[in-house]
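Below is one structure, written out as structure tokens, with a few remarks after it.
What follows draws every value from the coordinates through simple rules; no lab data is involved. Note that the coordinates shown come from a computational prediction; the quantities given were computed from them, not determined experimentally. Ideal geometry is used to build each Cβ from the backbone, glycine not excepted, and the neighbour counts take in all protein chains shown.
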Amino acid sequence: MEQIVKLADIAEAVGVSTVSVSKALSGQKGVSDEMRKKIKETAEKMGYVKPVATKKTKVKEGGSNIGILMAERYASKYTSFYWHLYQEVSKAAMDQACYTMFEIVDISDEEQKKIPKIVLENKVDGIIVIGKMDRDYLANFQKKYDIPTVYLDFYDDMEVADAVISNSFYGEYLLCNFLHNLGHEKIAFVGTVGATKSITDRYLGYRKCLIENDIEFKKDYVIEDRDQSNSRMVEEDKIKMPKDMPTAFVCNCDLTAAYVINRLQKDGYRVPEDISVVGFDDFLFPGLCNTGITTYEVNMTDMARISIEKVINKISNPNYKPGVFIVEGQLIERDSTAPVK
């Protein structure tokens, strides 16, 4: 099957951004004549075919402007999972000849239900919200402006809304079963239940594994990793370990898993010889952990692509029916797990 040439492929060949390629091929300003010529020649040599817009996807000439909202609390000091997800959404938008406008919503604006600037100034045709935000804040601008909106990596079970999520429930269930198959019976969960829908779903996957394998549930084996007041992650030294130490920890994300591994090693435990640890997401800032973490890989590329397709469909089709789309991932085994002694 012949491979389809994308804007990103041309950008890499020429050594410019995908935005520059899009502008050059669509006749927009912002690219020099010399560079425009080079990009067009490269596109022709690579066999690039401009997508034919259908009634379903064509919104207006030049594509749609897609706004991306993310809460300030997700902009951590490390390159976060959501930063990477935002980059994937931007790439997916460019592949659809759309443009993105990014806005970080600070805590006070979210609490005061302030309308996002990109919505207030009528700069975007649709919105993708990355990560859970206050329900009333989201409902406020959606009700007033009736703007097509898609939730990414979270969903709202109180309303019929479009959402694209990873399979948190099954992924954590799979990881917990993996540990059980290695002989582990004393398995703890690390994550503040209720902080996000994803963490809660992962906790439920953990509980399903315990029930099915007739493993005793212990309340002190559910360990919080976030501040209840603002949902920010706590440092590794503030993670409260149980007195009766588990043989394995199931963590709600790779960053938490890294914190747990570092904490265990400081306390004199060896990972995985003494205790096994698994994460979730398959995303971790380099240098935070020297141990390769067994995890459930979230398919961010597909999640981003589907969210862009959904918001385009909502913009162009007023009769579009919303729903939750679950994207499957896969278990990746690394160095943080071993059979129980």
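Most simply put, the chain has about 10% antiparallel DSSP beta bridges, counting only bridges with both residues inside it. Place a label point 7 angstrom from the Cα of ASP237 along the Cα-to-Cβ direction, then list the residues of the range 246-262 whose backbone nitrogen is under 20 Å away. Only 256-262 pass the distance filter. Build a GNM of the chain with springs between Cα atoms under 10 Å apart, and of ALA11, ALA257, ALA97 the one that fluctuates most is ALA11. Taking each residue as 0.36 nm, the span from MET35 to SER229 lengthens on full extension beyond its C-alpha to C-alpha distance by 64.7 nm.
Within the chain, CYS98, CYS251, CYS253, CYS289 have no other Cys Cβ under 4.7 Å of their Cβ and so lack a disulfide-compatible partner by this rule.
Using the Cβ-Cβ distance between GLU185 and ILE326 with R0 set to 35 Å, the FRET efficiency from 1/(1 + (r/R0)^6) comes to roughly 0.75. Computed extension length for PHE102-ASP244: 46.5 nm, one decimal, from 0.36 nm per residue of separation with the Cα-Cα distance subtracted. Taking the chain as a Gaussian network, where each spring joins two C-alpha atoms under 10 Å apart, which residue of GLY67, GLY268, GLY292 fluctuates the most? With Cα springs under 10 Å in the chain, the top fluctuation among GLY67, GLY268, GLY292 is at GLY268.
Which parts of the range 211-244 would a label at MET158 reach, counting a residue when its backbone N lies under 18 Å from a point 7 Å out along Cα-to-Cβ? Under 18 Å, as judged by backbone N against the label point of MET158, lie 229-231 of the range 211-244. Comparing GLY171, GLY323, GLY191 in a Gaussian network model of the chain where C-alpha atoms under 10 Å apart are linked, the largest mean-square fluctuation is found at GLY323. Here the Kirkwood formula, the inverse mean of 1/r across different C-alpha pairs, assigns the range 249-341 a hydrodynamic radius of 15.2 Å. Using the rule -39500 (n - 2.57) for each DSSP H run of four or more residues, divided by the residues of the chain, the 222 nm mean residue ellipticity is -11500 deg cm²/dmol.
Largest first, the three principal axis extents of the alpha carbons in the range 7-46 are 22, 16, 15 Å in whole numbers.
Treating each Cα of the chain as one equal point scatterer and applying the Debye formula with no solvent, the log10 of I(q)/I(0) at q = 0.07, 0.09, 0.10, 0.15 Å⁻¹ comes out as -0.35, -0.56, -0.68, -1.20.
Total lysine pairs in the range 80-156 at Cα distances under 21 Å, for residues eight or more apart or on different chains: 16.
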